[in-house]
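As structure tokens, the structure follows; a few thoughts come after it.
Every number here is computed from the coordinates shown, using simple stated rules; none is lab data. The structure presented is a predicted model; accordingly, all values stated were derived computationally and were not measured. Ideal geometry is used to build each Cβ from the backbone, glycine not excepted, and the neighbour counts take in all protein chains shown.
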Amino acid sequence: MNKVAKVGWWRLAAALAATAPALLTRGLRLDLAPVASVMVFGAAVVASAFLLVWAAEAAGHDISGGLATAILAVIAVLPEYAVDLFFAYSAGHDPQTAQFAAANMTGSNRLLLGVGWPLVAILFAWGGRQGGKSANDVRLEPSRCTELAFLGVACIYSLVIPITRRIAWYDAVILLSLFAAYLWRSARGDRSEPELIGVARKIGDLPRRRRRAVVAALFFAATAIVLLAAAPFAHGLVAGGRQLGIDEFLLVQWLAPLASEAPELLVAAMLALRGKADASMGILLSAKVNQWTLLVGSLPVAYAIGGGSAAGLPLDGRQTEEFLLTAAQTAMGFAMFADLRFSVREAAILLVLFAVQFPFPQTSARLAFAAGYALIAIILLVQRRSALPAVARAFRSAG
């Protein structure tokens, strides 16, 4: 076995080993302090996310490229979904946890767009210059209009939610239907051999029968780990925040998504450095569609299963502000990519606007940021209106 192969398999072994403390703790029914619980079960969540990403990437050998990207984006954020759906489920019988479901959802959405998208653009430009190329803009293939179309429709529809101040059952029906249509449209794409790196490449290079067995085993193991770790990790975040005097809402909003999305961001970053801007951004675009349709649409379902009202998951004032801010940021992100190009300057604007929000938790400041996002989105859409018909056609072709 050569050195590269050994490194690949050792990474897989290290990820599996990182889940051992969490599995041992659950198996022996040990009681951990909140901070220790966050560390032990957070490590398991991150490790399971890596396992899911590697398995999903390797599965691209056997399914269409578009569908593989969509499935990868779903699976890569499964740990995040598990934590968020746990909070929504708990809110059904404990209304105090409802705020945490909205916190995790808005945080993950804004983190992906405010950090993930700029990261890809900046690393792509930096990697291009290192290689002696002039690579300033991320350019997407025309086929990415599918992701943009579904993201745009979901974003427009989501503006209903802050008005009603709840994520209702009918929101779930519409958003989950959008997600199903997106997967169906992605499945119609041509199948091509994926360009894999690291552990995913080692798995992908296995003979077909062995590869499928390994992929299935990793999916099963990682999913089981996520389900075992999600609840204690979520409880640890809330209890740990109280113990340390940190706002639990903010801890759930930012720490949990950062842990669960780290592998996905690393995969996108590595692809960007290799000059694969379309593949890199395609993963993050698809993940954004999944978050804005599957994740948001699943919350009222989990809430109802947990004993909550069939009317849907209620949002208080703070959650409504966060949702509106997230929707406005999404609209600006869509507008920036409407012409299938994303510049370093636009990436810097996204990153700066994301970062400068933190010192201003006041309602007036949040609404001002949302208005700023919306204004920039309108200006960009007017400037790039000639590109919008292609995006609209991509959505109509899914019908």
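Given R₀ = 35 Å, FRET efficiency for residue 94-residue 212 by Cβ-Cβ distance, to 0.05?
Result of the calculation: an efficiency of 0.25.
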Among the Cα-Cα pairs of the chain, the proportion with separation greater than 29 Å, in percent, is 42 percent
Give me 141, 80, 346 sorted ascending by neighbouring Cβ count inside 10 Å, so fewest comes first. 141, 346, 80
Taking the chain and counting helices only, DSSP H stretches of n ≥ 4 at -39,500 (n - 2.57) each over all residues, the nearest-500 ellipticity at 222 nm comes to -24500 deg cm²/dmol
Please rank 223, 97, fewest neighbouring Cβ atoms within 10 Å first, as an exposure proxy. 223, 97
Equivalent-ellipsoid semi-axes of the range 325-399, from the Cα gyration tensor, Å, largest first: 26, 14, 10
